[in-house]
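Below you'll find the structure, written out as structure tokens, and then a few comments.
The values are calculated or read from the model by the stated rules, or taken from the named source; none is laboratory data. Here the structure is a predicted model, which means the values were calculated and not measured. When we count neighbours, we look across all protein chains shown, and the Cβ atoms used for this are built from the backbone with ideal geometry, even at glycine.
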Amino acid sequence: MADTQQYFEAVGRRKESTARARVYPGGAGNIKVNDREHTEYFGRAADVAMITAPLSVTEAQSKFTVSIHVVGGGITGQATASRMALARALVTADPELRAALKAAGFLSRDAREKERKKPGLKRARKAPTYTKR
């Protein structure tokens, strides 16, 4: 894909992961994640299904070629961030797809983050065992 080709870009986040998706109109409908095939980058079938879900819901598999750059976090967090970035980029490309993607919940940011460890505790909330004597 040449850089001179027109594309639509969007960012998605989840936990510590940040994904930037570029959607190119036309093409064979393949998805590249960090310059690798999405099935190669995300090994688990659930993560692969998560990435392709926005295209499946909008029935736009063969209408767009997708390039995703994702950094940070774990594999599943990266997959969720990529799904959100792809959904947002599809809305930028075609605003009529917004209703279907919003109904599927792909445009909502999952705000849950890891809670910090507090002093005097073993983890964020786990306290040391209480002993009376």
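Can you name every residue in segment 17-28 that is surrounded by fewer than 18 Cβ atoms within 10 Å (Cβ to Cβ) and either in contact with a Lys or Arg (Cβ under 6 Å, 6 or more places away or on another chain) or modelled with pLDDT of 95 or more (or both)? Correct list: ARG20 only. The combined condition, being acidic (Asp, Glu) and in a helix (DSSP H, G or I), is fulfilled by GLU96.
Here ALA103 meets the list (1) outside any loop (DSSP other than H, G, I, E, B); (2) farther than 21 Å from GLN6 by Cβ; (3) touching a residue at least 40 places away in the same chain (Cβ under 8 Å) almost entirely, failing just condition (3).
Which of the following residues is closer than 15 Å to GLU9 by Cβ and under 13 Å from the mean Cα position of the chain (by Cα): ALA93, ALA85? Of the residues listed, the single one that is closer than 15 Å to GLU9 by Cβ and under 13 Å from the mean Cα position of the chain (by Cα) is ALA85.
Results for (1) free of Cβ contacts under 8 Å to residues at least 40 places away in the same chain; (2) loosely packed, with under 11 Cβ neighbours inside 10 Å, shown as yes or no for each residue.
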residue: PHE64; (1), (2): no, no
residue: VAL70; (1), (2): no, no
residue: LEU90; (1), (2): no, no
residue: ALA93; (1), (2): no, no
residue: ARG98; (1), (2): yes, no
residue: PRO128; (1), (2): yes, yes
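Hey, any hits in segment 29-46 for a residue that's surrounded by fewer than 19 Cβ atoms within 10 Å (Cβ to Cβ), in contact with a strand residue (DSSP E or B) (Cβ under 7 Å, 6 or more places away or on another chain) and small (Gly, Ala, Ser)? Yes, the conditions are met somewhere in segment 29-46. For segment 72-82, the set of residues classified as within 11 Å of the chain's Cα centre (by Cα) and buried (at least 18 other Cβ atoms within 10 Å of the Cβ) consists of GLY77, GLN78, ALA79, THR80, ALA81, SER82, listed by residue number.
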